[in-house]
Amino acid sequence: MKKIAGILLLAAVILTAGCISTADPIVGSWQTAEPIQYDGYTLSYQVTFDEDGTGEMIYSYSDEVNDYIYPILWEKTDGIYQYEALTVLTVSEDGKTMTDNAQYTYRLEKDGEMFGGVWTEVIPKGAEVSEYYTYVFNEDGTGVETIYVTGDEPEVYSFTWKEFGENQIQIYYLDTYSFTEDGKMKTSFGTKTVYEEVDGIWVETPQVGEEVTTYEFRNDGICARNIYDGETNELVGLYFYKYTPAVFTDEEFRTLPLLTPFVPYSTMQIGGIMEQTYISEFAFLEDGTMQDVFYGEILERVSPA
């Protein structure tokens, strides 16, 4: 998940009014007014909204040669323009190579098959790298991304996948959540951390490290993971997931120890799956620009509808 933190903060939900048409103020291209400063590099990005509910995000990092290009899908719901930036891998016509959103190339290992075969990142001749990526796709719609880092244990990420377009694969990275017998929650992201429910929000308790993480499961099927500075309580990270709860059936529940006597058998949630989805929020300003609701970046129009 290259530059995943920055990417997760910068896909968007746009707040405005009107209906989708050529006159709609959102249609066209928008660019960050100033580069966003990170530790050791800067980021600029441009988003284009097409009338048909599709579009494109282009992220340009000062420390990388390739831009990151993401197709987007957007729609208006209850006065909100919502779009999702998609992680898409494109397979060559001969089925032997594959490129990702940043135009990095992967090669199917010799005699490998699409399902179960290993796609390994192609390292340019003479290049010095500290890590490389591999992908494995399973026929059941699941897969594994592995990052091999020099001197460290490999990092492994699970995902689901589906066909997106011709010779294209769309993937969602997965986390899971579950509940303990004493009513706390755990996730597969930081397995030693536990969360307690406070006014409908699951809060990291006790705090581990310098930051505090919370999870909010919304009724629209979206879970927001917020990360706050432990001292200032400033929001420093925001990630969204589509979540699917798992529940006990009556028969399954009766075969297990009774964890709580106050929840109906058929609605006893035991946890579920969270699929990472790249969304955020922007709002129009009076001067015709747009601003990131959480982080403050300003976007200016660079082309008309």
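The values are calculated or read from the model by the stated rules, or taken from the named source; none is laboratory data. None of the values given here were measured: they were computed from a predicted structure. No Cβ is skipped: glycine too gets one built from the backbone with ideal geometry, and neighbour counts run over all protein chains shown. Surface accessibility is based on the protein's heavy atoms, side chains included, excluding ligands, DNA and RNA. Shrake-Rupley method; radii C 1.70, N 1.55, O 1.52, S 1.80 Å.
Annotations
- Using the alpha-carbon positions of the range 108-222, Rg (one decimal) and Dmax (whole number) come out as 18.6, 55 Å.
- Efficiency of FRET from Cβ geometry, Arg218 and Thr150, R₀ 45 Å, rounded to 0.05: 0.65
- Length available on full extension from Tyr41 to Ser60: 0.36 nm per residue minus the Cα-Cα distance, which gives 5.8 nm.
- Unsatisfied cross-links (Cα-Cα over 28 Å) in the set Lys76/Lys96; Lys96/Lys192; Lys76/Lys162; Lys110/Lys192; Lys96/Lys162; Lys96/Lys186: Lys76/Lys96; Lys96/Lys192; Lys110/Lys192; Lys96/Lys186
- GluC sites (Glu not before Pro) restricted to the range 132-215 and DSSP loop, no more than 15 other C-beta within 10 Å: Glu139, Glu166, Glu181, Glu210
- Length added when fully stretched, Ile270-Thr191, from 0.36 nm per residue minus Cα-Cα: 26.8 nm
- As a calculated quantity, the FRET efficiency between Thr180 and Glu75 at R0 = 41 Å, using C-beta atoms, amounts to about 0.60.
- FRET efficiency for the pair Met114 and Gln170, taken as 1/(1 + (r/R0)^6) with r the Cβ-Cβ distance and R0 = 25 Å, rounds to 0.95.
- Distance (nanometres) between label positions extended 7 Å along Cα→Cβ at Thr105 and Thr142: 3.2 nm
- Counting only protein heavy atoms and using a 1.4 Å probe, the accessible area of Thr205 comes to about 50 Å².
- A straight line joining the Cα centroids of the range 222-239 and the range 116-152 runs 30 Å.
- Using a simple spin-label model with pseudo-atoms 7 Å out from Cα toward Cβ, Thr160 and Thr134 lie 2.6 nm apart.
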